[in-house]
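> Here it is, the structure in full.
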Ligand SMILES: [Zn+2]
């Protein structure tokens with residue numbers, strides 16, 4: 001009997017709220033037990049304190065609906081009969097249903113990927129209770145709020161205040177809580193990197209760490225670091241004359257990039273095809289376009305960034321297709337390197353990614369994986385100007401690949417990118 005009591009106490013101790021920033025714990029969802037990782041949530045620089053911890057499952061952060069909607073200044077209604085949720089703020093109404101990927105935003109039918117489906121989650125701690133959990137990023141971004149992810153601290157940071165209206169005090173506060181050094185991985189991204197890219201990126205970071213900083217900065221045509229200390233971050237990009245955009249078809253030559261599920265389609269060829277068509281559209285629109293490669297050749301990542309820096313380009317855009325072990329991973333995402341993480345940047349980066357992502361999804365109807373801050377990517381983080389990397393679909397997914405192999409679909413992708421560029425130029429340049 002005593003033994004059982006000891007075990008019970010031990011059990012209780014294990015499940016008592018941990019002091020650590022992040023930890024694993026078990027929850028029950030649809031009658032199965034899952035180990036999940038606890039996540040922090042900060043809204044406008046303030047920690048979201050919830051009795052039941054937000055958690056990460058399959059790379060998605062889930063939060064108890066009541067607490068998050070309150071904090072975002074929204075209202076929530078729960079329909080027990082249909083197990084459906086209505087979340088409302090001044091501008092949007094989101095309707096979701098437990099275990100369903102179908103979502104209505106202002107009555108428009110949409111779908112979320114299966115890892116973002118709302119769930120009834122049973123907690124054991126702080127006590128046995130079942131909570132309605134919703135995907136944090138989807139809710140926040142649908143309401144138009146910015147979500148940043150800090151992988152080191154395992155904290156999602158949400159800002160509901162438009163940056164232009166922020167008081168300086170609040171701004172520095174938000175900057176402080178969301179700034180981080182080495183965000184090597186976003187929790188949402190399945191971003192594919194070739195072995196060649198991994199090698200190069202590692203070497204580059206090693207050189208930066210080992211006192212060869214000046215050499216690296218010089219090779220990238222970047223000013224020495226101490227001259228960038230007093231940077232002022234601007235929302236809008238200053239463009240003088242004709243806008244100059246560098247289009248970078250990923251991989252090439254000995255680096256084939258991802259190999260498709262059909263074992264013959266190579267990412268490097270698709271990237272070049274998209275980039276070539278994009279180049280002519282952008283030129284027709286009156287932009288100045290520079291390609292980092294226009295044939296099947298290998299170009300180092302730093303050299304791609306240098307093309308942008310040397311030419312004082314206004315925009316840098318890297319074209320890629322994605323790949324993942326899980327064949328059901330699908331859809332489009334746009335990666336960027338936040339100016340909060342990358343000191344050489346002096347313009348807000350995510351707006352370009354946002355415009356591209358929105359336009360790409362609109363044009364193609366592809367699964368919307370969102371925009372993701374990945375400051376460790378060489379081409380976006382070593383370019384001075386506004387940069388983004390588009391992942392135009394998973395060639396590891398038979399469904400995505402089928403579409404991608406259709407020339408008409410490539411045209412949709414190209415048009416999506418081109419319209420996204422226009423959208424950025426119209427709204428975020430001066
Ligand atoms: Zn790639």
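The values are calculated or read from the model by the stated rules, or taken from the named source; none is laboratory data. The model shown is predicted, which means the values in this text are computed figures rather than measured ones. Quick reminder, even Gly has a Cβ in these numbers, built from the backbone with ideal geometry, and neighbours come from all protein chains shown.
> Checking the condition outside the structural domain of residue 395 (by TED's automatic domain parsing), touching a helix residue (DSSP H, G or I) at 6+ places or on another chain (Cβ under 6 Å), at pLDDT 80 or above and buried (at least 18 other Cβ atoms within 10 Å of the Cβ), which residue from 157, 201 passes? Walk me through it before giving the result.
Values: 201 fails: outside the structural domain of residue 395 (by TED's automatic domain parsing).
Criteria check complete, one pass: 157.
> Tally time: how many residues in the range 106-129 are modelled with pLDDT of 90 or more and surrounded by 14 or more Cβ atoms within 10 Å (Cβ to Cβ)?
9
> Of all the strands (runs of 3 or more DSSP E) wholly in the range 35-117, which have at least 3 residues that are more than 21 Å from the chain's Cα centre (by Cα) and over 30 Å from residue 327 (Cα atoms)?
Details: elements: 40-43, 55-57, 60-64, 75-79, 84-88, 93-97, 102-105, 108-111.
Where strands (runs of 3 or more DSSP E) fall fully within the range 35-117 and carry at least 3 residues being more than 21 Å from the chain's Cα centre (by Cα) and over 30 Å from residue 327 (Cα atoms), they are 75-79, 84-88.
> Can you report the number of residues in the range 227-282 which are more than 16 Å from the ligand (Cβ to nearest atom) and assigned to a loop (DSSP other than H, G, I, E, B)?
Number of matching residues: 16.
> Mind checking which strands (runs of 3 or more DSSP E) fall wholly inside the range 307-408 and carry at least 1 residues that are within 14 Å of the ligand (Cβ to nearest atom) and touching a strand residue (DSSP E or B) at 6+ places or on another chain (Cβ under 6 Å)?
315-322, 332-336, 386-394
> Same structure again: Is there a residue being more than 30 Å from residue 44 (Cα to Cα) and either at pLDDT 90 or above or in contact with a strand residue (DSSP E or B) (Cβ under 7 Å, 6 or more places away or on another chain) (or both) anywhere in the range 183-192? Break it down into steps so the answer makes sense when it comes.
Looking only at the range 183-192, we keep the residues that are more than 30 Å from residue 44 (Cα to Cα), and these are 192.
Among the residues that remain, those that are also either at pLDDT 90 or above or in contact with a strand residue (DSSP E or B) (Cβ under 7 Å, 6 or more places away or on another chain) (or both) are: 192.
The answer is yes, given that some residue of the range 183-192 is more than 30 Å from residue 44 (Cα to Cα) and either at pLDDT 90 or above or in contact with a strand residue (DSSP E or B) (Cβ under 7 Å, 6 or more places away or on another chain) (or both).
> Report whether or not residue 205 is part of a helix (DSSP H, G or I) and within 16 Å of the ligand (Cβ to nearest atom).
Taking the combined requirement at face value, the residue does not satisfy it.
> Of the residues 302, 289, 247, 232, only one is over 21 Å from residue 356 (Cβ atoms) and surrounded by 14 or more Cβ atoms within 10 Å (Cβ to Cβ); which?
302
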